[in-house]
Amino acid sequence: MITATESASVTAASRAETTADRRRFLAGVTFAALFIGGMLLSSLLGTGIYPSPLDSETEAAAYFAANQNTVLAQGIAHLLAAVPLALFATTLGNGRARTAGWAAAAALAASGLLNAAIPVLNATGDTQHTLHYLTFLTGGQIHVPLLGLLVAAGVRAGASSAPRWTTVLGVVAASLSVLSLVSFATESAMLLLPLGRFTAILWIVITAVRSRPRK
């Protein structure tokens, strides 16, 4: 027979789990919306394609001169996206996921700030090139592998309850993201950055949606 105390404990635990699920859902979806929204701003509102640091400085300078407001908005969006990413990491119930998620969020926030600094400071020449390179470094080559570690830890924490296909997706996303570290050694591995990033974001969105509390 269940006592009143035991019943109250079960109810409290159920409410706590529902609250955590709601936070995971909101944080994961908000992160994806802000990050992808920031990228869409560059594609839809900007003139031309956001340049890579590997492009010529002349091309990069022309883009930043013509798209100051777009670059600023993108930087702010990615800075804001770091907050729900950190919150999402805390909901996975895994210390490694939390550490990796916070580190990934910090790198993304730094990238957003550096990107926004280009139009705010009206940077040109070497200053612009340095800020552009650091934006790419923190938001790509540092952020993406850390995002992969977050996904790997999240997959491990939820392996017993998640569908097999979700687990497989997470393993693929984590592997691609961590392998993108090879981009430090060779430019030919740069493709791993978007592949790892977007498969990781897809896993985060799916995990978030699966956590949505049912009425």
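The values are calculated or read from the model by the stated rules, or taken from the named source; none is laboratory data. Fair warning: this is a prediction, and the values are worked out from it, not measured in the lab. So basically every Cβ, Gly included, is an ideal-geometry build from the backbone, and we count neighbours across all protein chains shown. The accessibility values were calculated without ligands, DNA or RNA, using every heavy atom of the protein model including side chains. Shrake-Rupley method; radii C 1.70, N 1.55, O 1.52, S 1.80 Å.
For the range 23-49, a residue qualifies if it is in contact (Cβ under 8 Å) with a residue 24 or more places away in the chain, under 11 Å from residue 63 (Cα atoms) and hydroxyl-bearing (Ser, Thr, Tyr), and exactly one does: 42. Taking the conditions (1) at pLDDT 95 or above; (2) in contact with a Leu (Cβ under 7 Å, 6 or more places away or on another chain); (3) open to solvent by less than 10 Å² (accessible area, probe 1.4 Å) in turn, residue 97 satisfies each one other than (1). Could you tell me whether residue 111 is without any contact (Cβ under 8 Å) to a residue 40 or more places away in the chain and crowded, with 23+ Cβ neighbours inside 10 Å? Considered against the rule, which asks whether it is without any contact (Cβ under 8 Å) to a residue 40 or more places away in the chain and crowded, with 23+ Cβ neighbours inside 10 Å, residue 111 comes out as yes.
Annotation: of all residues in the range 166-211 being in contact (Cβ under 8 Å) with a residue 60 or more places away in the chain and assigned to a helix (DSSP H, G or I), the one that is surrounded by the most Cβ atoms within 10 Å (Cβ to Cβ) is 204.
Kindly establish whether residue 20 is in a helix (DSSP H, G or I), modelled with pLDDT under 95 and among the hydrophobic types (A, V, I, L, M, F, W, C). Spelling it out, residue 20 is indeed in a helix (DSSP H, G or I), modelled with pLDDT under 95 and among the hydrophobic types (A, V, I, L, M, F, W, C). Just to be sure before I move on: is residue 75 closer than 30 Å to residue 20 by Cβ, within 18 Å of the chain's Cα centre (by Cα), open to solvent by less than 20 Å² (accessible area, probe 1.4 Å) and not hydrophobic (A, V, I, L, M, F, W, C) in the structure I sent? Here the answer is no, as residue 75 does not meet what is asked.
Answer yes or no: is there a residue in the range 22-45 that is over 20 Å from the mean Cα position of the chain (by Cα) and open to solvent by 60 Å² or more (accessible area, probe 1.4 Å). Yes, some residue in the range 22-45 is over 20 Å from the mean Cα position of the chain (by Cα) and open to solvent by 60 Å² or more (accessible area, probe 1.4 Å). Could you tell me whether residue 103 is at pLDDT 95 or above, in contact with a helix residue (DSSP H, G or I) (Cβ under 7 Å, 6 or more places away or on another chain) and open to solvent by less than 70 Å² (accessible area, probe 1.4 Å)? When the stated conditions are applied, residue 103 passes them. Cβ separations smaller than 9 Å between residues 6+ apart or across chains give the following pairs from the range 143-160 residues that are over 13 Å from residue 99 (Cα atoms) to residues that are outside any helix (DSSP H, G or I): 155/162; 156/94; 157/92; 157/93; 157/94; 158/92; 158/93; 158/94. Going by the conditions given, is residue 64 aromatic (Phe, Trp, Tyr), under 18 Å from the mean Cα position of the chain (by Cα) and open to solvent by less than 80 Å² (accessible area, probe 1.4 Å)? Spelling it out, it is not the case that residue 64 is aromatic (Phe, Trp, Tyr), under 18 Å from the mean Cα position of the chain (by Cα) and open to solvent by less than 80 Å² (accessible area, probe 1.4 Å).
Considering each residue of the range 130-149 in turn, at least one proves to be of a type in the set (Phe, Trp, Tyr) and within 25 Å of residue 64 (Cα to Cα). For the range 129-145, the set of residues classified as surrounded by fewer than 20 Cβ atoms within 10 Å (Cβ to Cβ) and not hydrophobic (A, V, I, L, M, F, W, C) consists of 129, 130, 133, 141, listed by residue number.
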